[in-house]
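These notes concern the structure reproduced below.
The values are calculated or read from the model by the stated rules, or taken from the named source; none is laboratory data. Owing to the predicted nature of the structure, the values given are computational and were not obtained by experimental measurement. Cβ: placed from backbone, ideal geometry, glycine included. Neighbour counts: every protein chain shown.
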Amino acid sequence: MTKQSGNRVLAEMLKTYGVDCFFNVPMIIPAAIKEMTAVGVKSIVTHSEKAAAYMADGYARESGRVGVCGSQAIGATNLASGLLDALMAKSAVLAVTGGGTADTRERNFYQEIDLRSIYAGLTKFSARVEKAQRLPDLLQQALRIATTGSPGPTHLELGGFWGAALMEDFDSVMKPEPRYGSCPSFRPAAAVEDIQTAASAIRNAKRPIIVAGSGIRVSRAQAMLLEFARLTKIPVATSLDAKAAMPESDDLCVGVVGDYSRDTANIAVSEADFILFVGSTTGSMTTRQWSVPTPGTPAVQIDIDPRELGRNYPLNVGLLGDPAVVLEQLGAELAGPVGYPAWLARIAELRMQWATTAVENETAEAAAIRPERLCRMMSELLPDGALVAVDTGHSAGWAARNMYLDRPGQSLIRCAGSLGWSFPASLGAKCANPERPVVCFTGDGAFYYHFAEMETAMRYGINTVTVVNNNHGFNQERVLWDENLSLQRNWKFGRTDFAAIASTFGVQSYRVERAAEFEGAFKAALAAGRPALIDVDTDPSAVVPIPWTKP
């Protein structure tokens with residue numbers, strides 16, 4: 001066999017595993033980046049390590065492939081903080097960092113700290129590659145762990161603060177296993193007896209409902225969920241992360257449930273007499289602090305991770321397996337509709353109730369643009385196949401309530417809680433699928449975090465559209481300060497024209513102050529052929545309503 005450097009082996013292995021972008025901040029493995037470029041893996045150099053991690057996360061969620069990011073040793077702590085969202089959202093990301101060596105540890109070497117404890121709590125797997133010949137087996141292990149079971153981030157620390165250990169030449173005998181380059185790498189089925197138990201419980205329900213979570217996205221099970229719901233006539237509520245799994249216009253679509261939610265979705269789930277959790281962690285956000293549904297409601301849960309089965313709600317049975325496969329099993333066992341016709345009539349009533357409630361603010365002609373109207377206008381203009389990346393806080397709340405994704409191929413990804421995630425994540429998603437329309441919906445507070453990446457977007461031609469809901473502050477926090485004028489600086493920002501700032505980067509930019517201006521700006525942004533931003537001046541008094549909770 002011909003000896004190769006670790007840098008060449010890394011480049012070829014990433015290519016084999018389907019990775020075509022490496023999001024990084026210099027200086028990390030420069031020789032490997034040259035090798036990556038030679039084999040078709042594009043280096044995307046960002047302005048911060050955290051943004052690089054978010055881009056890798058967006059890339060992974062959009063493509064299903066592993067997103068790869070990296071930084072030298074001193075930036076490794078910043079990179080690690082960007083992995084928290086990937087961990088919570090179950091996103092397969094590989095972080096590559098520089099690190100120490102046997103000759104430098106415990107000697108106050110420049111930029112060197114012990115990274116093991118930092119990455120231990122933020123990844124599924126973290127290992128040191130101290131010699132180049134260990135790269136093949138440890139890289140395979142990192143990718144295998146990232147994409148199996150419940151996906152998540154992994155980490156490799158390369159010897160030397162910029163990964164100089166990979167300069168060594170060696171003979172590699174490890175053959176790549178490309179199946180571990182994407183999720184899900186395995187699709188296990190549930191036990192037949194458990195399927196039969198679950199089907200029996202569902203048949204006995206009068207008012208069954210499905211609560212679908214991020215596992216639907218990870219499993220790429222959207223089509224199977226829709227097929228199962230239509231076969232069984234079971235209504236579907238989702239977490240925000242699974243929002244587009246059901247078209248909003250479908251009679252069985254209840255909407256987003258939990259803290260970021262529509263009131264009528266929370267009401268529907270609370271009135272159900274049976275819950276089928278599908279790919280949902282039953283965490284606090286989806287269940288309104290474990291009050292929706294009411295604990296003790298008969299339930300079955302489908303999840304690929306045994307740790308999630310019954311974690312927060314007692315179950316008739318847990319179905320361990322890939323959501324797409326298990327839904328197919330369960331559908332075959334049920335073989336037709338379940339529940340009472342009166343339940344579907346109640347769902348139709350709640351859907352109409354939401355439409356009647358929402359229309360006032362979604363069509364408001366007030367001088368200051370309501371965020372509800374902004375979301376509705378954006379929904380009507382989004383093209384087929386569009387992906388929307390949504391931030392947390394008010395952006396998530398408005399998207400859950402007032403964004404409607406109905407056209408073929410539309411989908412949504414959202415951060416699991418890290419404010420500022422959506423803009424860099426949208427860039428990563430666009431890198432994963434350059435032909436797809438990608439729209440970022442963010443607030444001004446979130447956009448401040450990483451707006452420097454507009455320069456990155458221009459440099460690499462990453463042509464996303466960013467819509468900034470600019471209310472000039474963290475207005476969701478204003479209630480914390482009792483409307484005290486002397487404390488306004490804690491939540492209220494100076495008036496910033498993001499369109500003017502974006503134009504200095506070369507971004508195609510638009511400033512929208514009246515609702516009538518938005519349609520033209522949005523259509524022009526989609527057709528711009530370069531990164532585009534729409535700065536929308538919105539009503540600072542508008543706040544997302546407190547979610548409905550059972551009295």
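Within the stretch 230-248, the residues that satisfy the criterion of being at pLDDT below 95 and part of a loop (DSSP other than H, G, I, E, B) are M246, P247, E248.
Tell me, which strands (runs of 3 or more DSSP E) wholly within the stretch 272-354 include 2 or more residues that are out of contact with any strand residue (DSSP E or B) (no Cβ under 9 Å at 6 or more places or on another chain) and touching a residue at least 24 places away in the same chain (Cβ under 8 Å)? Quick ask: steps written out before the conclusion?
Numbers: elements: 274-278, 299-303, 317-320.
Those strands (runs of 3 or more DSSP E) do not exist here; none qualify.
Residues of the stretch 355-365 that are under 32 Å from the mean Cα position of the chain (by Cα) and not in a helix (DSSP H, G or I): T363, A364. Annotation for the stretch 269-276: no member residue is surrounded by 17 or more Cβ atoms within 10 Å (Cβ to Cβ), outside the structural domain of C253 (by TED's automatic domain parsing), under 17 Å from T549 (Cβ atoms) and at pLDDT 95 or above. In the stretch 467-484 there is at least one residue matching the filter, namely being within 19 Å of the chain's Cα centre (by Cα) and under 30 Å from Q222 (Cα atoms).
Which of the residues belonging to the stretch 93-128 are among the aliphatic types (A, V, I, L, M) and over 14 Å from Q72 (Cα atoms)? Even if it seems obvious, please write down each step before you answer.
Initially, the stretch 93-128 is screened for residues among the aliphatic types (A, V, I, L, M), giving 93-96, 102, 113, 115, 118, 120, 122, 127.
V93, L94, A102, I118, A120, L122, A127 - these are the residues of the stretch 93-128 that are among the aliphatic types (A, V, I, L, M) and over 14 Å from Q72 (Cα atoms).
Every residue in the stretch 165-187 that is of a type in the set (A, V, I, L, M, F, W, C) and crowded, with 17+ Cβ neighbours inside 10 Å, please. Spell out how you get there, then give the answer.
Restricting attention to the stretch 165-187, the residues satisfying the condition of being of a type in the set (A, V, I, L, M, F, W, C) are 165-167, 170, 173-174, 183, 186.
The answer is A165, L166, F170, C183.
Hey, any hits in the stretch 394-413 for a residue that's among the hydrophobic types (A, V, I, L, M, F, W, C) and closer than 17 Å to A53 by Cα? Yes, some residue in the stretch 394-413 is among the hydrophobic types (A, V, I, L, M, F, W, C) and closer than 17 Å to A53 by Cα. Set side by side, the residues G445, G428, G385 differ, and just one is at negative phi and without any contact (Cβ under 8 Å) to a residue 60 or more places away in the chain, which is G445. Among the residues of the stretch 116-130, those that are of a type in the set (A, V, I, L, M, F, W, C) and under 17 Å from L166 (Cβ atoms) comprise A127, V129. Contact map, the stretch 206-235: residues that are closer than 18 Å to E62 by Cα and without any contact (Cβ under 8 Å) to a residue 60 or more places away in the chain paired with residues that are surrounded by 24 or more Cβ atoms within 10 Å (Cβ to Cβ) and acidic (D, E), Cβ distance under 8 Å, separation 6+ or inter-chain. No pairs are found.
Looking at the stretch 249-256, is at least one residue acidic (D, E), in contact (Cβ under 8 Å) with a residue 12 or more places away in the chain and part of a loop (DSSP other than H, G, I, E, B)? Lay out the reasoning, then the answer.
Here is the first cut: in the stretch 249-256, the ones acidic (D, E) are 250-251.
If we keep only those that are in contact (Cβ under 8 Å) with a residue 12 or more places away in the chain as well, we get 250-251.
Remaining after also requiring part of a loop (DSSP other than H, G, I, E, B): 250-251.
Within the stretch 249-256, one or more residues are acidic (D, E), in contact (Cβ under 8 Å) with a residue 12 or more places away in the chain and part of a loop (DSSP other than H, G, I, E, B).
Being basic (K, R), assigned by TED's automatic domain parsing to the domain that holds Y110 and closer than 17 Å to T456 by Cα is a description that does not apply to K15.
Per-residue answers, yes or no, for (1) small (G, A, S); (2) touching a Pro at 6+ places or on another chain (Cβ under 9 Å); (3) surrounded by 17 or more Cβ atoms within 10 Å (Cβ to Cβ):
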| site | (1), (2), (3) |
| --- | --- |
| T456 | no, yes, yes |
| I462 | no, yes, yes |
| V467 | no, no, yes |
| D482 | no, no, no |
| K492 | no, yes, yes |
| S509 | yes, no, yes |
| A515 | yes, no, yes |
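Keeping to the stretch 388-419, report how many residues are without any contact (Cβ under 8 Å) to a residue 40 or more places away in the chain and surrounded by 23 or more Cβ atoms within 10 Å (Cβ to Cβ). Number satisfying all stated conditions: 0.
A quick yes/no check of all residues on (1) in contact with a Lys or Arg (Cβ under 7 Å, 6 or more places away or on another chain); (2) hydroxyl-bearing (S, T, Y):
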{"position": "E333", "(1), (2)": "no, no"}
{"position": "G339", "(1), (2)": "yes, no"}
{"position": "A345", "(1), (2)": "no, no"}
{"position": "Q353", "(1), (2)": "no, no"}
{"position": "T357", "(1), (2)": "no, yes"}
{"position": "E362", "(1), (2)": "yes, no"}
{"position": "A368", "(1), (2)": "no, no"}
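Taking the criterion of being within 26 Å of A399 (Cβ to Cβ) and among the hydroxyl-bearing types (S, T, Y), would at least one residue in the stretch 355-362 satisfy it? Yes, because at least one residue in the stretch 355-362 is within 26 Å of A399 (Cβ to Cβ) and among the hydroxyl-bearing types (S, T, Y).
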